[in-house]
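Student: Following this message is one structure expressed as C-alpha cells.
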Amino acid sequence: MKFNQHVCNLPTYEVGKPLEDVVHGDSVSYNQVIKLGSNENPFGVSPFAKHAIIENASLASVYPDDSYFELKEVLSKKYSVESGNVIVGSGSDQIIELCIHAVCNSESKILTSKTTFAMYEIYAQHVNANVIKTDDFLHNLDSMLKLYKKYKPDIIFLCTPNNPLGEALKKDDVIRFLNALDDDCLVVLDCAYMEYCAYKDDEYLISPIDVLQFSNVIYLGTFSKLYGLGGMRVGYGIANKYIIDTINKLRPPFNVTHISSKAAIAGLNDSDFIALSLKNNFDEMERYNKFALDKSLKILESYANFVTFLLHNQLNSTKIVNYLLQQGIIVRDLKSYGLNAIRITIGIASQNEIVIKHMSDAIDNI
C-alpha cells in the first residue's frame, strides 16, 4: 500500500509513560507509582465530577447531544461570551488539528516559538505545511513579529503558559502583538494552563473576552489540567462565530462523550477542589525552587502546574529519568525537544518529598 510520503515521515508524539509501564513485579506496585510526567492534577478527579460520572454512567450506551448545548452554555456564562462563540473538542488538541486542517495546505506556513507544544508541528505536517520557528529559547513576540512580516504565515501559535517550559506572556504584550497582525492570519492562543497563570499573577491573565475583539483569534482551554479530567478528553475553543462555524464543519460528530461533558460541567463548579489544587501547586512549587537552589540547578520560572530543570553537561536527563522510573517515579524527559532537561508535574507534598529525595540521589550518584 502506498501512503503520502509526508505522512510516512511524521514523527510520533511522545506521551508520558502510563502507570502500567512502571510497575515492576513485586518491587513497585501500582499504588506506589508517582506519576508526574503528564501535567495531570495530582489530587485526581474532582468530587463533583466523580459524582457526575457515576450518576450518568447508565447513559454510556446513548449518543451525546452533538450540539453540546449544556456545556457551551456553562462556558459562555463563565467567560461572558455567547454560546455560538464556543466549540467543544476531544481535548483542546483536537481543536488545534481542526484549525490547521481548516486553514493550511502544502503551500501554507505556520509560525511557533522555538520550544513549545510539539503537536503544533506534528499537525502542521499532517497537511505538509511549512513550520517556521523563532530562534529564541522562550517566547519572544518581537522575534515573532519580525518573522510574521517576513514570511506572512497562515497560522501563529502562542502557548501561554508555555508547555514544556512554563513561561507565560503578559496580556498587554499579547494584545499589542495581535494589533500588529493582519486579519488574514489565524492566531491560536493556547491557554491550557491559564488558570494557574491567573492565580500566580493577574498581569498574565488572558480571558477569551480580551481577544474576542479580534476577528482572527481563537482561544483554547481544557479540562485536562486543573479540573482533573485528562482521561475524559474535553477541551474548548472560543472565537468569533465565523471561525467557530467554519472549523465546526470539520469536527467529527459526537467527538466528546455524554459522560465527559457532564463531568466537565460538574468539575467547573467544584470551587473547593479548584482552590485546593491552585494553592497546592504554588506552595509545592517552592519546594522545587529551593531544591534547585540547593543543588545549583537551573529551574525555569513556571506559571503552570509543572517545573522544568535545565541540566548542565555533567548531568544527563535520560539517565536521571530512567533512574527515577526504577524507583516508580514518572517524570518527563525533554530529550525529544532537543533539551537536556526534565519536566516535573507539581504533585502533592508527600509525592514531591519522595521525588526530590530520589532526584537528589540521582544527581549525586549518576
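The values are calculated or read from the model by the stated rules, or taken from the named source; none is laboratory data. Computed from a prediction, not measured in an experiment: that's the story for all the values here. In this analysis, Cβ positions are derived from the backbone assuming ideal geometry, glycine residues included, and neighbour counts consider all displayed protein chains. Only protein heavy atoms, including side chains, enter the accessible area calculation; ligands, DNA and RNA are left aside. Shrake-Rupley method; radii C 1.70, N 1.55, O 1.52, S 1.80 Å.
Student: Which residue is farthest from the chain's Cα centre (by Cα), if the candidates are limited to region 167-176 and must be open to solvent by 10 Å² or more (accessible area, probe 1.4 Å) and farther than 25 Å from Thr345 by Cβ? Steps first, answer last, please.
Tutor: Just the residues of region 167-176 that are open to solvent by 10 Å² or more (accessible area, probe 1.4 Å), to begin with: 167-173, 175-176.
Narrowing the set further to residues that are farther than 25 Å from Thr345 by Cβ leaves 171-173, 175-176.
On the way: Lys171: 18, Asp172: 22, Asp173: 21, Ile175: 21, Arg176: 24 Å.
Here the answer is Arg176.
Student: Run down Leu205, Leu250, Leu226 and say which single residue is touching a residue at least 12 places away in the same chain (Cβ under 8 Å), among the aliphatic types (A, V, I, L, M) and within 14 Å of Glu97 (Cα to Cα).
Tutor: Unique residue meeting the criteria: Leu250.
Student: Ok, one more. Across region 49-98, what is the total count of residues that are assigned to a helix (DSSP H, G or I), β-branched (Val, Ile, Thr) and within 19 Å of the chain's Cα centre (by Cα)?
Tutor: The number of residues fulfilling the criteria is 2.
Student: When only residues in region 242-257 that are hydroxyl-bearing (Ser, Thr, Tyr) and in a helix (DSSP H, G or I) count, which is surrounded by the fewest Cβ atoms within 10 Å (Cβ to Cβ)? Can you show your working first?
Tutor: Within region 242-257, the subset hydroxyl-bearing (Ser, Thr, Tyr) is 242, 246, 257.
Those still in the list that are in a helix (DSSP H, G or I) too: 242, 246.
Numbers: Tyr242: 10, Thr246: 15.
Checked region 242-257; the qualifying residue surrounded by the fewest Cβ atoms within 10 Å (Cβ to Cβ) is Tyr242.
Student: Still on this structure, I have one more. Please count how many residues of region 100-124 are touching a helix residue (DSSP H, G or I) at 6+ places or on another chain (Cβ under 7 Å), under 23 Å from Lys146 (Cα atoms) and in a helix (DSSP H, G or I).
Tutor: 3
Student: When you scan region 298-307, do you find a residue that is of a type outside the set (Val, Ile, Thr), under 23 Å from Asn41 (Cβ atoms) and in a helix (DSSP H, G or I), even just one?
Tutor: No, region 298-307 has no match at all.
Student: Further question on the same structure: Restricting attention to region 285-296, which residues are touching a residue at least 40 places away in the same chain (Cβ under 8 Å) and open to solvent by less than 20 Å² (accessible area, probe 1.4 Å)?
Tutor: Passing the criteria: Met285, Tyr288, Phe291.
Student: Take the residues in region 260-297 that are part of a loop (DSSP other than H, G, I, E, B) and charged (D, E, K, R), then tell me which one is farthest from Ala60 (Cα to Cα). Let's see the steps before the verdict.
Tutor: Going residue by residue through region 260-297, those that are part of a loop (DSSP other than H, G, I, E, B) are 269-270, 295-297.
Now narrow it down to the ones that are charged (D, E, K, R): 270, 295.
Values: Asp270: 23, Lys295: 50 Å.
Here the residue is Lys295.
Student: For region 128-234, which strands (runs of 3 or more DSSP E) that fit wholly inside it have 1 or more residues that are closer than 25 Å to Leu339 by Cα?
Tutor: Fully inside region 128-234 and qualifying: 130-133, 155-159, 186-190.
Student: Considering only residues that are surrounded by 20 or more Cβ atoms within 10 Å (Cβ to Cβ) and of a type in the set (Gly, Ala, Ser), which ones fall in region 117-166?
Tutor: If the condition is that a residue be surrounded by 20 or more Cβ atoms within 10 Å (Cβ to Cβ) and of a type in the set (Gly, Ala, Ser), then Ala124, Ala129, Gly166 are the ones that fit.
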